[in-house]
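Engineer: One structure follows; several queries about it will come next.
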Amino acid sequence: MRTYTCAKDLGDLKAAVNEAFEIKKNRFAHKTLGENKTALLVFFNSSLRTRLSSQKAAMNLGMNSIVLDINHGAWKLETERGVVMDGDKTEHILEAIPVMGCYCDIIGVRSFAQFENKEDDYTEKILNQFIKYSGRPVFSMESAIVHPLQAFADLITIEEYKTKARPKVVMTWAPHPKALPQAVPNSFADFMNEADVEFVITHPEGYELDTQFTRGAKIEHNQDKALEGADFVYAKNWAPFRDDIYGRVVNTDRSWTVDSRKMSLTDNAYFMHCLPVRRNMIVSDEVIESERSIVIPEAANREISCQVVLKRMLESLS
Ligand code: AN0
Ligand code: CP
């Protein structure tokens, strides 16, 4: 595997989930595969789970890892080609990326959507430069429009907890005070569309996601109706994708918050969220603390999803 950005990169998803279960049974089974290999984890944005789970996954495979926080200690990077660099940016990303590639074997990149230019975000301008200029396999640790390590961990979690052959999975928009990227819902939709589930998306008007990710998924604007009979409720805020309101907060309607009444409409559903989550905006204290909340096992599976990806990248080296 040379790049990891979407469900398709995993090939047969069932096989990938089975590989994840095998790794989960014995996460040290391949502890020499990564011997003398180094993962460089580059963060342009904050992280708790991705930062820790990726290092842990690398360690389980016998790899070393180097974490680079671009905004804390590295030179300020220019990302536009052709600019006269007479401002506050000291180094160009076109030198920085190949230099980073010199010191490692695999690179993970976190670079959120900037909401300044939709085309820059939706062409994955930063991530694709890493793919093009680093000379290394590159995986997204949430880039502008995808978060495939999260979505794979979500799928593993659903496969672990499901009690029906084809569970109903409802992804619901929920309110948040700040503009958040579409990466998590995009990748979740990408994976659910490939998985054996009944997938429904619910959001207020104006919050339609890019159809390259939602594809044929059912969209129901009435949240109560969407939640009926759900086996899994996957809550997430995202800012609008639509051109005229791209990346703006146009709705903070707290009637969309997932609370006990909303959960009572479901078939005793499990509650999921990628975290970090703002309580009593996205989800009530009662729901996230309830015994049907699986946000912690979901986060734990981030180690496993990353380990499958690193393992496959290591296997493709040399
Ligand atoms: C980010 C987002 O919504 O994309 C990261 C989630 C994994 N969330 C925040 O910035 C709060
Ligand atoms: N879910 C997730 O990616 O969390 P972090 O932003 O803390 O890495």
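The values are calculated or read from the model by the stated rules, or taken from the named source; none is laboratory data. This one's a predicted model, so the numbers in the text were calculated from it and none came from an experiment. Here the Cβ positions follow ideal geometry from the backbone for every residue, glycine too, while neighbour counts run over all protein chains shown. The accessibility values were calculated without ligands, DNA or RNA, using every heavy atom of the protein model including side chains. Shrake-Rupley method; radii C 1.70, N 1.55, O 1.52, S 1.80 Å.
Engineer: Is there a residue being within 16 Å of ligand 2 (Cβ to nearest atom), open to solvent by less than 60 Å² (accessible area, probe 1.4 Å), in a helix (DSSP H, G or I) and not assigned by TED's automatic domain parsing to the domain that holds F21 anywhere in region 252-270?
Structural biologist: As a first pass, look at region 252-270 and keep what is within 16 Å of ligand 2 (Cβ to nearest atom): none.
No; the residues of region 252-270 include none that is within 16 Å of ligand 2 (Cβ to nearest atom), open to solvent by less than 60 Å² (accessible area, probe 1.4 Å), in a helix (DSSP H, G or I) and not assigned by TED's automatic domain parsing to the domain that holds F21.
Engineer: State which residue is nearest to ligand 1 (Cβ to nearest atom) when the search covers only region 223-248 and only residues that are within 16 Å of P181 (Cβ to Cβ) and open to solvent by 70 Å² or more (accessible area, probe 1.4 Å).
Structural biologist: Out of the qualifying residues, it is R248.
Engineer: Now a separate question. For region 65-100: of the residues being closer than 25 Å to K178 by Cα and among the β-branched types (V, I, T), which is least open to solvent (accessible area, probe 1.4 Å)?
Structural biologist: I70
Engineer: Another question, if that's okay. Which condition number in (1) within 16 Å of ligand 1 (Cβ to nearest atom); (2) crowded, with 22+ Cβ neighbours inside 10 Å is the one that V308 fails?
Structural biologist: (1)
Engineer: Please work out if M171 is touching a strand residue (DSSP E or B) at 6+ places or on another chain (Cβ under 7 Å) and within 16 Å of ligand 2 (Cβ to nearest atom).
Structural biologist: Details: touching a strand residue (DSSP E or B) at 6+ places or on another chain (Cβ under 7 Å): yes; within 16 Å of ligand 2 (Cβ to nearest atom): yes.
It is true that M171 is touching a strand residue (DSSP E or B) at 6+ places or on another chain (Cβ under 7 Å) and within 16 Å of ligand 2 (Cβ to nearest atom).
Engineer: Quick one: is F241 out of contact with any Phe, Trp or Tyr (no Cβ under 6 Å at 6 or more places or on another chain), among the aromatic types (F, W, Y) and within 16 Å of ligand 2 (Cβ to nearest atom)? Outline the logic, then answer.
Structural biologist: Working: out of contact with any Phe, Trp or Tyr (no Cβ under 6 Å at 6 or more places or on another chain): yes; among the aromatic types (F, W, Y): yes; within 16 Å of ligand 2 (Cβ to nearest atom): no.
For F241, the condition - out of contact with any Phe, Trp or Tyr (no Cβ under 6 Å at 6 or more places or on another chain), among the aromatic types (F, W, Y) and within 16 Å of ligand 2 (Cβ to nearest atom) - is not met.
Engineer: Right, another one. Going by the conditions given, is A235 hydrophobic (A, V, I, L, M, F, W, C), part of a loop (DSSP other than H, G, I, E, B) and modelled with pLDDT of 95 or more?
Structural biologist: No.
Engineer: Here are F199, F191, F213: which of them is open to solvent by 10 Å² or more (accessible area, probe 1.4 Å), part of a helix (DSSP H, G or I) and not charged (D, E, K, R)?
Structural biologist: Values: F199 fails: part of a helix (DSSP H, G or I); F191 fails: open to solvent by 10 Å² or more (accessible area, probe 1.4 Å).
Only one candidate qualifies: F213.
Engineer: Mind listing just one residue for me: the one in region 147-183 that is of a type in the set (A, V, I, L, M) and open to solvent by 10 Å² or more (accessible area, probe 1.4 Å) and, of those, nearest to ligand 1 (Cβ to nearest atom)? It would help to see each step written out before you state the result.
Structural biologist: To start, the set of residues in region 147-183 that are of a type in the set (A, V, I, L, M) comprises 149, 151, 153, 155-156, 158, 165, 169-171, 174, 179-180, 183.
Among the residues that remain, those that are also open to solvent by 10 Å² or more (accessible area, probe 1.4 Å) are: 165, 179-180.
On the way: A165: 29, A179: 9, L180: 4 Å.
Here the residue is L180.
Engineer: Here's something else I'd like to know. Using the structure shown, decide if Y207 is of a type in the set (S, T, Y) and closer than 16 Å to M272 by Cα. Steps first, please.
Structural biologist: Working: of a type in the set (S, T, Y): yes; closer than 16 Å to M272 by Cα: no.
Answer is no for this residue.
Engineer: Would you confirm whether or not region 101-111 contains a residue that is open to solvent by less than 40 Å² (accessible area, probe 1.4 Å) and farther than 25 Å from M1 by Cβ?
Structural biologist: no
Engineer: So which residues in region 1-52 are small (G, A, S), buried (at least 17 other Cβ atoms within 10 Å of the Cβ) and within 19 Å of S65 (Cβ to Cβ)?
Structural biologist: The answer is G34, A39, S47.
Engineer: I need the full set of residues from region 31-79 which are of a type in the set (K, R) and away from ligand 1 (no atom under 16 Å from the Cβ), in order please.
Structural biologist: Taking region 31-79 first, the residues of a type in the set (K, R) are 31, 37, 49, 51, 56, 76.
Answer for region 31-79, where residues must be of a type in the set (K, R) and away from ligand 1 (no atom under 16 Å from the Cβ): K31, K37, K56, K76.
Engineer: Would you point out the residue of region 273-296, among those that are open to solvent by less than 40 Å² (accessible area, probe 1.4 Å) and either part of a helix (DSSP H, G or I) or at pLDDT below 95 (or both), that is farthest from R136 (Cα to Cα)?
Structural biologist: V287
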